[in-house]
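One structure is given below, encoded as structure tokens.
What follows is calculated from the coordinates using simple rules that are stated; it is not laboratory data. Quick caveat, the model's predicted, so the values are computed rather than measured. Cβ sites come from the backbone with ideal geometry, for glycine too, and all protein chains shown count toward neighbours.
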């Protein structure tokens with residue numbers, strides 16, 4: 001079987017990692033998880049806006065596509081054991097963000113990889129969860145505000161939506177770092193050719209060596225950057241894509257050979273996941289992911305610079321608008337006709 005490209009692997013696997021257990025027997029495990037999550041409260045449902053969202057670009061009006069679903073996948077920089085979701089002393093960050101758009105009419109899925117270092121306007125929340133201010137900071141910091149639970153997810157969604165010119169985002173799914181090592185070990189290790197020198201941490205992981213990673217090594221490989229020669233987030237993303245490519249192939253092998261594998265995966269991940277999806281909606285999304293075509297992941301163009309305290313990423317605003325228009329919108333014939341000279 002011909003391997004998929006790295007860009008297609010990135011979007012497909014990161015979502016598959018979260019949702020692969022939604023079929024068959026795994027649904028039972030999810031229902032138990034839904035009953036106990038968020039203190040047993042009813043599932044948070046999404047109310048879609050009635051008024052059509054529009055954006056103006058190059059003297060033309062564009063309206064949001066019909067029959068689409070948007071979901072922000074958030075990867076956190078903490079382990080579940082480090083998280084206190086009822087405390088406002090929350091120091092979690094959104095280390096990874098992937099925005100998915102499910103186009104139900106055309107049966108395709110678009111994915112946009114969002115740089116955690118992107119400088120944007122984010123809401124500052126008080127101890128009661130109310131908005132008390134806004135600040136200009138890395139998107140990753142938007143998760144810091146709130147209790148580390150659903151309110152932090154919503155704050156991250158708001159920050160990303162604002163950054164993307166108020167693009168509506170329907171759902172969110174966040175997972176802690178535990179997922180990387182646990183999935184790696186469930187497939188009995190993932191083999192890669194080491195892109196950087198990790199020998200200070202693991203002697204066998206010299207640059208260029210072929211290594212089957214343990215769970216601990218896998219997390220270091222996709223997470224580390226400050227201890228390496230190339231410390232940039234962009235280079236770390238390259239390693240993540242390489243690892244995910246190999247992980248995807250192992251997951252497919254195990255899922256094809258074991259009817260219980262999906263249940264095992266979901267049982268592991270449910271303890272590390274927060275989402276406003278209901279179980280039935282997640283099940284439906286999993287069908288879309290299996291049946292629809294996943295297009296290559298889009299990267300937002302821009303420039304990464306060293307700020308006073310940390311790295312800062314600034315998008316090319318024109319390129320960003322063009323990407324949004326091409327992905328989420330269609331020309332508004334009614335609005336443009338109304339403004340055209342008679």
**OP:** Mind giving me the nanometre distance, one decimal, between the label points for residue 124 and residue 199, set 7 Å out from Cα along Cα→Cβ?
**Re:** 4.8 nm
Original post:
For the range 107-155, what is the convex hull volume of its Cα atoms per residue in Å³?
Top reply: 93 Å³
**OP:** Sort largest first and round to whole Å: the equivalent ellipsoid semi-axes of the range 84-222, each the square root of five times a Cα gyration tensor eigenvalue.
**Re:** 33, 20, 15
Original post:
Within the range 142-168, whose backbone N sits under 13 Å from a point 7 Å along Cα→Cβ of residue 234?
Top reply: none
Original post:
Per 5 Å bin, what is the whole-percent P(r) computed from every C-alpha pair distance within the range 272-328?
Top reply: 4, 13, 12, 13, 14, 16, 16, 8, 3, 0
Original post:
Distance from the Cα centre of the range 268-317 to that of the range 122-176, in angstrom?
Top reply: 14 Å
Original post:
Along its principal axes, what span do the Cα atoms of the range 186-278 show, with the longest given first and each in whole Å?
Top reply: 42, 31, 18
Original post:
How long is the gain from residue 334 to residue 309 if the chain were fully straight, where each residue apart is worth 0.36 nm and the alpha carbon distance is subtracted?
Top reply: 4.2 nm
**OP:** Based on the mean of other Cβ atoms within 10 Å per residue, sort peptides 191-203, 300-312 so the most packed one is first.
**Re:** 191-203, 300-312
Original post:
Going 7 Å from the Cα of residue 136 in the Cα-to-Cβ direction, what parts of the range 301-342 have a backbone nitrogen less than 18 Å from that spot?
Top reply: 302-318
**OP:** Compute the distance in nm between two label points, each set 7 Å from the Cα along the Cα-to-Cβ direction, one at residue 256 and one at residue 60.
**Re:** 4.3 nm
**OP:** Extending each Cα 7 Å along its Cβ direction at residue 106 and residue 291, get the distance between those two points in nm, one decimal.
**Re:** 1.9 nm
